[in-house]
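Notes for the one structure printed next.
The values are calculated or read from the model by the stated rules, or taken from the named source; none is laboratory data. Just so you know, these numbers come straight off a predicted model, no measurement behind them. Cβ: placed from backbone, ideal geometry, glycine included. Neighbour counts: every protein chain shown.
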Amino acid sequence: MGVGRITTQLALAREILHQLEIAQDSRQLSQEELWYKNNLKKHSLALASLKRTVARLRPRISWLKEGDANTHLFHLHAKHRKRKNSIGKLLSGDQICTTHDKKADEYTMNLC
């Protein structure tokens, strides 16, 4: 089931529910209409959940399609991860450590 179809079904279910609620304001619904309304509510909740799941998984699917190969997208993600996970500088008192060795020494001195 495609995302467009889920969206269409969800919109249709919500519209029918809305029409049933309008009808319920002016008259008593029949047993069949109440049964239909309750099942339609459950169905629309399931569709909304499915739509959120698809939206959440869409970037992952894109990554599997485009990022798994040696592509520009893969390298952009790798550079971003490296930048995010690295420590550019350490401040120790009034001293700034920027080289790897100085940062490592400063880190080990503060562990003890």
Q: Name the single residue, out of those in segment 93-111 being of a type in the set (Asp, Glu) and loosely packed, with under 14 Cβ neighbours inside 10 Å, that is modelled with the highest pLDDT.
A: Asp101
Q | Within segment 73-92, tally of residues that are modelled with pLDDT under 80 and more than 30 Å from Ile6 (Cα to Cα) | A | 2
Q.
Six or more apart or on different chains, Cβ atoms under 7 Å: show the pairs whose first residue is in segment 80-93 and closer than 17 Å to Asp105 by Cβ and whose second is in a loop (DSSP other than H, G, I, E, B) and of a type in the set (S, T, N, Q).
A. Lys89/Thr98
Q: Could you tell me whether segment 42-50 includes any residue that is of a type in the set (Ser, Thr, Tyr) and either touching a Ser or Thr at 6+ places or on another chain (Cβ under 6 Å) or at pLDDT 85 or above (or both)?
A: yes
